[in-house]
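For reference, the structure discussed in these notes is given below.
The values are calculated or read from the model by the stated rules, or taken from the named source; none is laboratory data. What you see is a predicted model, and the numbers here were worked out from it, not measured in a lab. Note that we place each Cβ from the backbone using ideal geometry, even for glycine, and neighbour counts take in every protein chain shown.
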Amino acid sequence: MDVFLTDDAERSLKALSLLSESGQCGYLIGHRRGPRVHVEAIIPAGKGHAFSVGKFHLLDDIYDGRTVGFFFFGGGRQAERRILQPFAYGKIVLEARPGGLGTPALKAFSVEYDGRFALSPVPLASSPGGRKK
């Protein structure tokens, strides 16, 4: 599995990283095609948002089942604990560092379960131009 960010999603993350402080988080909207998860849009949820199964399903209904994951700007282990829940199993998590004028440094993970929930690293795919996301 890998993760591909569309240009719009990448621009949105870049803009949000300029305007946000650590702790900003939200949802990723997109689709799966084979082993690749395409992230098409981001939905900011605010600093310290409590990811609940109810809110997740309400948002997922609005986007016709296309909620593919979550994102965090900083936050570390505390942010991870909010997302390591059964409803997040198999979803993508993007972790970014806020601030700066360039594209935020991104790491991608999948929420996995092997006796306990954990984040497993997954690669970010190259854009058509060949640069690494």
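Going by the conditions given, is Ala9 of a type in the set (A, V, I, L, M, F, W, C), exposed (fewer than 15 other Cβ atoms within 10 Å of the Cβ) and either in contact (Cβ under 8 Å) with a residue 12 or more places away in the chain or closer than 16 Å to Ala105 by Cβ (or both)? Walk me through how you get there before you give the answer.
Details: of a type in the set (A, V, I, L, M, F, W, C): yes; exposed (fewer than 15 other Cβ atoms within 10 Å of the Cβ): no; either in contact (Cβ under 8 Å) with a residue 12 or more places away in the chain or closer than 16 Å to Ala105 by Cβ (or both): yes.
The answer is no for Ala9.
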Of residues in region 12-21 being assigned to a helix (DSSP H, G or I) and over 14 Å from the mean Cα position of the chain (by Cα), the one nearest to Leu124 (Cα to Cα): Ala15
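Which members of region 94-119 meet the condition of being at pLDDT 90 or above, under 19 Å from Gln78 (Cβ atoms) and under 14 Å from the mean Cα position of the chain (by Cα)? First the steps, then the outcome.
Taking region 94-119 first, the residues at pLDDT 90 or above are 94, 108-119.
Subset that is under 19 Å from Gln78 (Cβ atoms): 94, 109, 111, 116-119.
Within region 94-119, Leu94, Phe109, Val111, Leu119 qualify.
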When you scan region 65-91, how many residues do you find that are part of a loop (DSSP other than H, G, I, E, B), under 14 Å from the mean Cα position of the chain (by Cα) and closer than 20 Å to Met1 by Cβ? 5
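Each row is one residue, and each column tells you yes or no for (1) touching a Cys at 6+ places or on another chain (Cβ under 6 Å); (2) surrounded by 13 or more Cβ atoms within 10 Å (Cβ to Cβ); (3) charged (D, E, K, R).
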| position | (1), (2), (3) |
| --- | --- |
| Leu19 | no, no, no |
| Cys25 | no, yes, no |
| Ile29 | no, yes, no |
| Lys47 | no, yes, yes |
| Phe56 | no, yes, no |
| Arg66 | no, yes, yes |
Sole exception among (1) under 22 Å from Ala118 (Cβ atoms); (2) touching a strand residue (DSSP E or B) at 6+ places or on another chain (Cβ under 6 Å) for Gln85, by number: (2)
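What about Gly76, is it at positive phi, at pLDDT below 95 and out of contact with any helix residue (DSSP H, G or I) (no Cβ under 7 Å at 6 or more places or on another chain)? Spell out the reasoning first.
Details: at positive phi: yes; at pLDDT below 95: yes; out of contact with any helix residue (DSSP H, G or I) (no Cβ under 7 Å at 6 or more places or on another chain): yes.
Yes: the conditions hold for Gly76.
Output yes when any residue across region 54-70 is touching a Lys or Arg at 6+ places or on another chain (Cβ under 6 Å), under 23 Å from Ala15 (Cβ atoms) and of a type in the set (Phe, Trp, Tyr), and no when none is.
Taking region 54-70 as the starting set, the residues that turn out to be touching a Lys or Arg at 6+ places or on another chain (Cβ under 6 Å) are 69.
In the following step, the residues that additionally are under 23 Å from Ala15 (Cβ atoms) were identified as 69.
With the extra rule that they be of a type in the set (Phe, Trp, Tyr), the set shrinks to none.
Within region 54-70, not a single residue is touching a Lys or Arg at 6+ places or on another chain (Cβ under 6 Å), under 23 Å from Ala15 (Cβ atoms) and of a type in the set (Phe, Trp, Tyr).
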Answer residue from region 49-64, given it is touching a helix residue (DSSP H, G or I) at 6+ places or on another chain (Cβ under 8 Å) and assigned to a helix (DSSP H, G or I) and is farthest from Glu80 (Cα to Cα) among those: His57
Does any residue of region 59-70 turn out to be modelled with pLDDT under 95 and among the small types (Gly, Ala, Ser)? no
